Each structure stands twice: as C-alpha cells, then as structure tokens.
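A quick write-up on the structure given underneath.
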Amino acid sequence: MLYKDINVDEVIEMALSDHTAFQQIEHLYGLKEDQVKQLMRKHLKRGSYQAWRRRVRQFSDRRQHYK
C-alpha cells in the first residue's frame with residue numbers, strides 16, 4: 001500500500017481521536033477501515049495498536065456511531 005500522497009501522521013491522529021469516524025478518514029484520504037487498520041498496525045508499536053483496537057471495539061459496543 002502506498003502512502004506517498006497521504007500524511008500518515010494526520011491519519012494516525014484522526015484514527016486515535018474518539019471524535020473521528022472511519023467514514024471521515026475515508027472521505028478525506030480515500031482509505032477504507034481495513035486500510036486504516038493496516039496503516040495503524042504498521043506505524044504504531046504493537047502494544048499501542050492493540051490498545052487502540054481494544055478501545056475502538058469497546059466504544060463501538062456501547063455507541064451506535066463510534067468509528
């Protein structure tokens with residue numbers, strides 16, 4: 001996957017934010033949810049990635065429109 005036209009730091013910041021949905025990232029950068037997860041896995045430390053995924057799962061179970 002090429003990220004040359006994408007500011008990876010901005011995508012990571014948006015993905016880590018509890019206020020930004022995957023749909024917003026897709027609209028701005030053209031990355032689908034699975035692509036964002038791949039990018040996060042590649043650029044975050046393993047523990048940070050796992051903590052992020054756990055948080056996204058927990059919040060999505062409680063809220064209809066989270067991520």
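All of the numbers you see were taken from the coordinates with simple rules; none came from a lab. What you are looking at is a predicted structure, and each value in this text was computed from that prediction instead of being measured. When we count neighbours, we look across all protein chains shown, and the Cβ atoms used for this are built from the backbone with ideal geometry, even at glycine.
By its C-alpha gyration tensor, with a ≥ b ≥ c as the square roots of the eigenvalues, how is region 1-56 shaped: rounded for a/c under 1.5, else prolate for a/b larger than b/c, else oblate?
Because a/c hits 1.5 or more and a/b fails to exceed b/c, region 1-56 counts as oblate.
Suppose every Lys and Arg Cβ carries +1 and every Asp and Glu Cβ carries -1, with no other charges. What dipole size does region 8-61 come out with about its Cα centre, to the nearest 20 debye?
Here the size comes out at about 440 debye.
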